[in-house]
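This report refers to the structure that appears directly beneath it.
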Amino acid sequence: MTRLAGKVSLITGAASGIGRSSAILFASEGAIVIVNDLETEKGNETVRDIREAGGQAVFIQGDVTNPADMSRLAEEAVAQFGRIDVLFNNAGISGVGALHELEPDTWDRITAVNIKGVYLPSKYVLPHMMRARKGSVINMSSCVAEIGLARRASYAATKGAVLALSKSMQVDYAPYNIRVNALLPGTILTPFVERYLKSSYEDHEAAVASLMSRQLGGELGRPEDVALAALFLASDDSKFMMGSPLYIDGGVVFGKNA
Ligand code: NAD
């Protein structure tokens, strides 16, 4: 279990869901994990679970939309561990509603967390990777970047932006031996999706059935499914993947049930 032996890996939004699962998996593969999140208590829980399993992790609180927080996050990580080998820009929030229903403040918040929240950690971490002339950046997009889905326009716009951003970032940083790839998950059962189901449907079972009907395999994804894909992109196993989208979506984008 040493696919990330000694690799210093910073994961944003690692107090919950996919980020938390990835932090635990990366640490079990030998990474030193920097857990970032807004939520201090839950972030510390991720760190405690990693340490109890014999892994190495620290928590650094910070808001991915705040330049001062993200600058401090990168500086503290490098001061403690000397470098950052992997940056997983995972933090994100959902946005539900057709555009005419969406308040301008909600639009601003979704775009800030999901797009600026990829730009800012990258801005402050990349100079360290450039100096080291190595690194892997993983940006969290979504299969919604590729397909139209009812009442998700703002969220889809942000995830499409992240996909486009990843490709251009790759061109800029390839000369520094830095790889930049994007993850495109389908529906993954995390607190994020649970919140969406509660706010959008009265009947929980009908809601889950409706989500499942989109899946070719009839199952929703688990955070671990995405964490395994992130592990691949973080590790040297994916050294020939550059600027690529990686789909973990149960067939939603490329398959059709009917
Ligand atoms: P989650 O809500 O379980 O976890 C997201 C974490 O991000 C939370 O711990 C939250 O506190 C943190 N966060 C939110 N805003 C932040 C900020 N401003 N600064 C720092 N941390 C912040 O969600 P999840 O399902 O694990 O989603 C993780 C990522 O995966 C998101 O970018 C999401 O858009 C993406 N994604 C999720 C799904 C899915 O079906 N769950 C599908 C495709 C993509």
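The values are calculated or read from the model by the stated rules, or taken from the named source; none is laboratory data. Fair warning: this is a prediction, and the values are worked out from it, not measured in the lab. Neighbour counts are summed over all protein chains in view; Cβ atoms, including those assigned to glycine, are modelled from backbone coordinates with ideal geometry. Just so you know, the surface numbers come from the protein's heavy atoms only, side chains and all, with ligands and any DNA or RNA stripped out. Shrake-Rupley method; radii C 1.70, N 1.55, O 1.52, S 1.80 Å.
For the stretch 89-103, 3J(HN,Hα) computed residue by residue from phi via the Karplus equation (6.51, -1.76, 1.60; θ = phi - 60°) reads 7, 9, 4, x, 10, 8, x, 10, x, 5, 4, 5, 8, 8, 7 Hz, glycine and proline entered as x.
Maximal additional length on extending the Arg83-Asp105 stretch stands at 4.3 nm, based on 0.36 nm per residue less the C-alpha distance. Assuming charge only on the beta carbon of Lys and Arg (+1) and of Asp and Glu (-1), the dipole of the stretch 19-66 about its Cα centre is about 120 debye to the nearest 20. For the stretch 225-258 versus the stretch 106-174, the spacing of their alpha-carbon centroids is 16 Å. Of the GluC sites (Glu not before Pro) found in the stretch 1-75, the ones in coil according to DSSP and having at most 16 other Cβ atoms within 10 Å of their Cβ are Glu39. Here is the link list: Lys123/Lys198; Lys123/Lys167; Lys116/Lys198; Lys159/Lys256; Lys116/Lys167. Which ones come out longer than 24 Å on Cα distance? As for pairs spanning more than 24 Å Cα to Cα, those are Lys123/Lys198; Lys116/Lys198. Which one, Ala77, Ala98, Ala57, has the greatest fluctuation when you compute a Gaussian network model over the chain with C-alpha springs under 10 angstrom? Looking only at Ala77, Ala98, Ala57, the biggest GNM fluctuation is shown by Ala98. Put simply, the amide H of Gly135, placed in the peptide plane, has neighbours under 5 Å in Arg179, leaving out anything fewer than 5 places away on its chain.
Using a probe of 1.4 angstrom and keeping all protein chains present, the accessible surface of the chain works out to 46 square angstrom per residue. Between amide H atoms placed 1.01 Å from N, distances below 5 Å from Leu246 occur with Ala182, Leu183, Leu184, all of them 5 or more places distant or on a separate chain.
Rounded to the nearest 20, the size of the Cβ-charge dipole of the stretch 43-194 about its Cα centre is 620 debye, with Lys and Arg at +1 and Asp and Glu at -1. Over what distance in Å are the Cα centres of the stretch 35-67 and the stretch 1-28 separated? One Cα centre to the other: 10 Å. Rg/Rh for the chain (Cα atoms only, Rh after Kirkwood) is 0.96.
Rolling a 1.4 Å probe across all protein chains gives Ser16 an accessible area of roughly 40 Å². A DSSP coil position with no more than 10 other Cβ atoms inside 10 Å describes the following trypsin sites (Lys or Arg not before Pro) in the stretch 142-247: Lys239. A Gaussian network model of the chain, with springs between Cα atoms under 10 Å, assigns the largest mean-square fluctuation among Val96, Val113, Val125 to Val96. Between Asn66 and Arg48, residue separation times 0.36 nm minus the direct Cα-Cα distance comes to 3.9 nm.
In a DSSP loop and with at most 13 other Cβ atoms within 10 Å, there are no chymotrypsin sites (Phe, Trp or Tyr not before Pro) in the stretch 52-151. Across Ser22, Ser235, Ser166, mean-square fluctuation computed from a Gaussian network of the chain (C-alpha pairs under 10 Å connected) peaks at Ser235. For Ala98 and Asn257, a Förster radius of 25 Å and the Cβ-Cβ distance give a FRET efficiency of 0.55, rounded to the nearest 0.05.
Where does helix 67-81 land angle-wise versus the long Cα axis of the chain, in degrees 0 to 90, nearest 10? It is inclined by approximately 50 degrees.
Note on the stretch 204-244: with charges restricted to the Cβ of Lys and Arg (+1) and Asp and Glu (-1), its dipole about the Cα centre is near 140 debye.
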